[in-house]
Amino acid sequence: MNVETFPSGTGASGLTAGAAPKFMCRTYGCQMNSRDSEKIAGMMYALGFEETSDERAADIIIFNTCCVRENAENKIFGHLGQLKALKAQKPRLRVALCGCMIQQDIIVEKIKSAYSFVDILFGTFNLHRLPQLLRDSLETEGMVIDIWKEPVPKERGNTPDGLPTRRRHAYKSGVNIMYGCNNFCSYCIVPYVRGRERSRHPEDILEEVRALAADGVREVMLLGQNVNSYSPAGAAGFPELLRRVNEVSGLRRVRFMTSHPKDLSPALIRAMAECEKVCRHLHLPLQSGSTEILRRMNRGYTKEGYLSLISALRGEIPNIALTTDIIVGFPGETEEDFRDTLEVVDRARFANAFTFLYSPRTGTPAAGLPGRVPDAVAGKRFNALLDTLNKIILEQNTRLVGAKLEVMTEEEKGGIFTGRTEDNRLVHFTAGKTASAAGPVPGEFVDVKITEGRAHYLIGRQSDDQTGSYDGAIF
Ligand code: SAH
Ligand code: SF4
Ligand code: F3S
């Protein structure tokens with residue numbers, strides 16, 4: 001299919017002669033989905049489409065969905081409902097849904113019955129089929145559904161690797177190094193919708209990273225649901241991959257997520273310590289501080305095990321910033337279990353955390369567990385957790401006042417620049433006197449003198465002098 005399929009003046013948006021047809025892609029969920037959406041955009045541009053953020057101007061609307069918690073799904077259904085009227089006005093508009101949510105049979109049934117105006121459904125294993133599915137949708141009546149239950153092996157061809165991509169940012173990029181998850185944490189739907197672990201070959205990954213660096217990317221984030229269990233057939237594991245990515249010239253920063261505590265080996269900690277481009281930051285989901293809840297979650301570590309990992313990390317990489325994910329209100333969670341979570345939070349001194357209320361997911365073992373925590377109790381614990389976290393984070397950020405930190409500039413709004421430090425803290429800053437008229441551009445590294453610390457960000461100004469530096473003692 002190509003741009004001719006949407007002849008000018010007859011497309012959903014009433015195109016004027018010579019104008020390219022438009023697609024809009026809405027992305028929900030994690031970095032994995034964001035990266036998939038860059039591949040969707042790459043395919044759409046290759047077909048001659050241009051991107052729009054205006055639903056009404058789009059010829060094709062694609063929702064790349066997430067189902068990790070119920071509220072993610074509810075939000076998507078809400079947005080989808082709003083498209084019904086638009087579709088009625090513009091029958092040639094194509095609405096496509098893909099991603100994790102679509103891998104669930106019950107969702108497909110719900111869409112067929114309640115959202116029958118949707119044109120195309122595909123899943124997480126066959127992203128690359130989008131051009132063909134669009135063509136099918138234009139040539140046939142009714143919903144086009146193509147959902148695979150598992151990936152087709154590489155040797156049989158027809159896989160999503162090597163798709164064209166259209167990056168959201170010129171200066172940073174995600175890079176998939178492995179797909180899927182074998183952990184089956186008892187609350188989590190990801191293994192069911194993303195399949196078993198598959199690791200890409202290191203040479204393919206390095207080739208992609210080198211091409212990105214040559215194209216101006218300064219920061220890469222190596223991506224996997226379980227990035228540190230990366231184990232390619234016949235090649236070395238994650239620590240060695242990290243060392244090789246660290247050597248790619250042109251790159252300034254290397255990040256990775258998400259790591260699982262059970263796979264955080266001494267060899268990985270050593271590699272992180274020794275690779276100067278690997279950022280002094282680790283996202284290490286805790287989920288719960290209670291050993292009993294961790295056992296029921298099938299996480300494979302204990303409260304003490306998690307705390308000793310943190311000691312090992314801080315022993316090798318002084319001042320590493322740790323961030324985490326925590327679930328509140330897992331079935332059977334008692335006040336004592338929750339106090340264990342607060343204790344670990346207090347001892348770990350997290351620099352940031354994503355906190356979630358437990359959400360039962362159909363088909364996961366935890367959904368059938370007794371001991372549902374009443375909403376009011378879970379809500380109270382959730383707020384207490386936020387209070388504890390905010391206090392700890394504010395203490396760290398306040399101690400950074402006066403420090404000079406290197407920041408990679410990401411964006412500018414009304415004269416205020418925003419970027420991140422090596423340890424992933426968000427910084428809002430003003431340009432220095434010596435900066436060019438427009439100030440630093442996205443992707444530019446600047447030194448910022450911190451003037452104020454808040455719980456969710458730092459405030460500063462671009463440094464004009466070389467005095468003052470970060471002595472690192474904030475924990
Ligand atoms: N692979 C990563 C992230 C998976 S999803 C990991 O293992 O950590 C991101 C986060 O969503 C999880 O870390 C967990 O904290 C949260 N999450 C997953 N399933 C959930 C559920 N059913 N209810 C509430 N939070 C959930
Ligand atoms: Fe889900 Fe656990 Fe796998 Fe993370 S490690 S994706 S939480 S099953
Ligand atoms: Fe959501 Fe799928 Fe990511 S369920 S969190 S988009 S792997």
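Numbers for the structure displayed
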| item | result |
| --- | --- |
| Matching residues, region 260-302, being assigned to a strand (DSSP E or B), within 16 Å of ligand 3 (Cβ to nearest atom) and at negative phi | H283 |
| Yes/no for L294 being within 16 Å of ligand 2 (Cβ to nearest atom) and more than 19 Å from A321 (Cβ to Cβ) | yes |
| Strands (runs of 3 or more DSSP E) wholly inside region 90-190 that include at least 2 residues being closer than 20 Å to Y45 by Cβ and among the small types (G, A, S) | 94-99, 172-176 |
| Flag for V68 being in a loop (DSSP other than H, G, I, E, B), of a type in the set (V, I, T) and out of contact with any Cys (no Cβ under 6 Å at 6 or more places or on another chain) | yes |
| Residue match in region 202-214 (condition: at pLDDT below 95, in the same structural domain as L357 (by TED's automatic domain parsing), outside any loop (DSSP other than H, G, I, E, B) and within 16 Å of ligand 1 (Cβ to nearest atom)) | no |
| Hits in region 33-63 - residues which are touching a helix residue (DSSP H, G or I) at 6+ places or on another chain (Cβ under 6 Å), free of Cβ contacts under 8 Å to residues at least 60 places away in the same chain and either of a type in the set (S, T, Y) or closer than 19 Å to G162 by Cβ (or both) | none |
| The listed residue being closer than 30 Å to G368 by Cβ, away from ligand 3 (no atom under 14 Å from the Cβ) and modelled with pLDDT under 95, out of K149, K112, K154 | K149 |
| Output for region 176-203, where each listed residue is of a type in the set (A, V, I, L, M), more than 11 Å from ligand 3 (Cβ to nearest atom) and touching a residue at least 60 places away in the same chain (Cβ under 8 Å) | I177 |
| Residue that is surrounded by the fewest Cβ atoms within 10 Å (Cβ to Cβ), among those in region 352-406 that are basic (K, R) and within 24 Å of T334 (Cβ to Cβ) | K391 |
| Verdict on T388 being among the polar types (S, T, N, Q), away from ligand 3 (no atom under 16 Å from the Cβ) and either in contact (Cβ under 8 Å) with a residue 40 or more places away in the chain or touching a Pro at 6+ places or on another chain (Cβ under 8 Å) (or both) | yes |
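The values are calculated or read from the model by the stated rules, or taken from the named source; none is laboratory data. Just so you know, these numbers come straight off a predicted model, no measurement behind them. Positions of Cβ are backbone-derived with ideal geometry, glycine not excepted, and every protein chain shown enters the neighbour counts.
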